[in-house]
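Contents: one structure, followed by commentary.
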Amino acid sequence: MTNEEINACVSEESGVRRFRSPEYNWDFNLVTGHFTRWGKTDDDDPIAAPSPEILDIEISSGNCNGKCPYCYKGNDTKTEKTHMTLETFDLIMSKFNKNLGQIALGITGLNANPDFHRILESARHKWRVIPNFVTNGLGMTNELADYYAKICGAVAVSINQNIQGGKETCYEAVNKLLKAGLKQTNIHCMISEETFDFALEVLKDIKEGKIPGLNAVVFLGLKPKGSGSDKKVLSQEKFDALVALCLALGTAFGFDSCSTHKFERAIKNLPLPDEAKVSFKSLSEPCEAFGLFSIYVNAKGLAYPCSFCEGEPDFRGFDIKTADDVLTYWNSRVMQIWRQRSLCEGRKCLIFPEINV
């Protein structure tokens, strides 16, 4: 499909944006963030989108004040700072079409990028795309929380036991966002062999009511890259135990798409009713990168199939700023090869095989 054909398939009514075509369809609720995708029928899953649905865009990198010891970007040790300007952001956004419904902004600290708020406003009002971002919680004030609640679809606060103020830094930031009315406020908790006990502690805190109104805790599988290269991926046995505890506590939880295969194995391993297993599987989706549904662009405006590809020997960034449009890259021979390989390998991680075990 061309950009013009894609744009013609998108409409919006009563707070719901829709895409309609014979083999690829979706509904996106602009208020709740609920997204549903289907193909020819409700039971049919499209294998790929005609252009990206989600843009993972880094607007700041380097010298993060969070100092997370497992950051796959290595921002805890990287001293070079790179900040995307509003002008560069707008230029990149001009390359996309109406199939793009959400963007996830990658920023180190809340005060890292001087254009951060202007970028948020441009995404929401100029490009009519719902911005989301992840923060380490440092520097969150009631005034900032009020602002983010008005302009963002969701905000996630990473919890890090090594950060200044420890886990309370996360809890305080989350509570401020929830108080401001941002219902889609989550906690991001990285799980590995080294952080498993800490993850259990976080679940205990949630159960004890330290974060009332929390939307969900989202567990992110370790990426053995950057500062996390010397850490160990969580075993399936402990992953099963984590899922079982979440279900037992009644805690709303989720996982990143990288963890889907482990999650589905956990559901299969646990003594759950068959209808529950079917339901959980229908709510999970494996890797959506590599030319399937999402795309990554770094702070310099270089596009990659996935953020984990950056710096890897088999990948070279594509300068999307100089492209005619996103389809130049999305339909390129290189992307077609990665897309086919991802589908052939069951949408497992193509960069770090140990994640899939």
Item to check | Boolean, GLY137 is among the small types (Gly, Ala, Ser), in contact with an Asp or Glu (Cβ under 9 Å, 6 or more places away or on another chain) and more than 30 Å from GLU5 (Cβ to Cβ) | outcome: yes
Checklist entry - Looking at (1) under 20 Å from the mean Cα position of the chain (by Cα); (2) within 30 Å of GLU193 (Cβ to Cβ), can you tell me which one LEU100 breaks? => result (2)
Next on the checklist: Please pick out the residue among LEU55, LEU110 that is in contact with a helix residue (DSSP H, G or I) (Cβ under 9 Å, 6 or more places away or on another chain), within 21 Å of GLY33 (Cα to Cα) and buried (at least 19 other Cβ atoms within 10 Å of the Cβ).
Outcome noted: LEU55
Next on the checklist: With the structure loaded, tell me whether THR41 is among the polar types (S, T, N, Q), surrounded by 12 or more Cβ atoms within 10 Å (Cβ to Cβ) and part of a loop (DSSP other than H, G, I, E, B) or whether it fails that test.
Outcome noted: no
Checklist entry - Looking at this structure, is PHE308 at pLDDT below 95 and among the aromatic types (Phe, Trp, Tyr)? => result yes
Item to check | Top-ranked residue in the range 208-244 [being buried (at least 21 other Cβ atoms within 10 Å of the Cβ) and assigned to a helix (DSSP H, G or I); ranked as nearest to the chain's Cα centre (by Cα)] | outcome: GLY228
Item to check | Residue in the range 284-312 that is surrounded by the most Cβ atoms within 10 Å (Cβ to Cβ), counting only those that are among the polar types (S, T, N, Q) and touching a Ser or Thr at 6+ places or on another chain (Cβ under 8 Å) | outcome: ASN298
Next on the checklist: Among (1) modelled with pLDDT of 95 or more; (2) part of a loop (DSSP other than H, G, I, E, B), there is one condition ALA199 misses while meeting the rest; what is its number?
Outcome noted: (2)
Next on the checklist: Looking at PHE239, PHE318, can you tell me which residue is at pLDDT 95 or above, under 23 Å from ILE107 (Cα atoms) and aromatic (Phe, Trp, Tyr)?
Outcome noted: PHE318
Checklist entry - Are there any strands (runs of 3 or more DSSP E) wholly within the range 73-164 with 3 or more residues that are without any contact (Cβ under 8 Å) to a residue 60 or more places away in the chain and not aliphatic (A, V, I, L, M), and if so which? => result 130-135
Checklist entry - So which pairs qualify, if the first residue must be in the range 38-60 and closer than 25 Å to LYS81 by Cα, the second must be among the hydroxyl-bearing types (Ser, Thr, Tyr) and in a loop (DSSP other than H, G, I, E, B), the Cβ gap must be under 6 Å, and the two must be at least 6 apart or on different chains? => result SER60/THR108
Checklist entry - Pick from the range 313-338 the residues that are in contact with a helix residue (DSSP H, G or I) (Cβ under 8 Å, 6 or more places away or on another chain) and either basic (Lys, Arg) or over 20 Å from ASN7 (Cα atoms) (or both): which of them is surrounded by the fewest Cβ atoms within 10 Å (Cβ to Cβ)? => result LYS321
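The values are calculated or read from the model by the stated rules, or taken from the named source; none is laboratory data. The model shown is predicted, which means the values in this text are computed figures rather than measured ones. Here Cβ is always computed from backbone atoms with ideal geometry, including for glycine, and neighbour counts include all displayed protein chains.
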